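Coordinate-derived values only; no laboratory data. All of these numbers come straight from a predicted model, not from anything done at the bench. All Cβ positions, glycine included, derive from the backbone under ideal geometry; neighbour counts span all protein chains shown.
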Amino acid sequence: QVQLVESGGGLVQAGDSLRLSCVASGRTFASYTMGWFRQAPGKERDFVAGISRSGGTTYYTDSVKGRFTISRDNAKNAVYLQMNSLKPEDTAVYYCAARIGGILTQSRTVDYWGQGTQVTVSS
């Protein structure tokens, strides 16, 4: 069992930056592929970014490439999402996700979810 707790969301203006953090409980954090998803009002929960267990491989949805960076610190049981050049269309609840092995790009493959943190970008 893994519990994920996100933090770092907030209200910012277009062009600003935010850094989301997700801290996991348990001793097997390095065994999980980690990722971030987001869900805007009235829309499905979509993949944003993923990172391999070692942190050596990262992947992103096209709309955030070059603006967002995912990273992890296995010693701290933490995964981060650095978001730069934010746009109003980035407004959503952002969820931390964990999967036991495998690439994490689809919400149906997620084993554990965090509670979500709101990111609002004003124009």
> Taking region 40-56 only, how many residues are within 10 Å of the chain's Cα centre (by Cα) and surrounded by fewer than 15 Cβ atoms within 10 Å (Cβ to Cβ)?
Replying inline: 0
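Taking the conditions exactly as written (touching a Ser or Thr at 6+ places or on another chain (Cβ under 9 Å) and either on the phi > 0 side of the Ramachandran plot or of a type in the set (S, T, N, Q) (or both)), does Gly116 satisfy them or not? Explain how you work it out, then say what you get.
On the way: touching a Ser or Thr at 6+ places or on another chain (Cβ under 9 Å): no; either on the phi > 0 side of the Ramachandran plot or of a type in the set (S, T, N, Q) (or both): yes.
Here the answer is no, as Gly116 does not meet what is asked.
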> (1) on the phi > 0 side of the Ramachandran plot; (2) surrounded by 18 or more Cβ atoms within 10 Å (Cβ to Cβ): which one isn't true of Phe37, the others all being true?
Replying inline: (1)
>> Return the pair list, or none, for Cβ contacts closer than 8 Å from residues in region 56-68 that are more than 18 Å from Thr91 (Cβ to Cβ) to residues that are outside any strand (DSSP E or B), at least 6 apart or on different chains.
In response: Thr58/Ser52; Tyr59/Ile103; Tyr59/Thr105
>> Can you go through Lys65, Lys43 and tell me which one is over 17 Å from Leu104 (Cα atoms) and either in contact with a Lys or Arg (Cβ under 7 Å, 6 or more places away or on another chain) or among the charged types (D, E, K, R) (or both)?
In response: Lys43
> Which condition breaks for Leu20 when tested against (1) farther than 16 Å from Thr120 by Cα; (2) touching an Asp or Glu at 6+ places or on another chain (Cβ under 9 Å)?
Replying inline: (1)
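Does Arg45 satisfy being touching a residue at least 40 places away in the same chain (Cβ under 8 Å) and among the charged types (D, E, K, R)? It would help to see each step written out before you state the result.
On the way: touching a residue at least 40 places away in the same chain (Cβ under 8 Å): yes; among the charged types (D, E, K, R): yes.
Yes: the conditions hold for Arg45.
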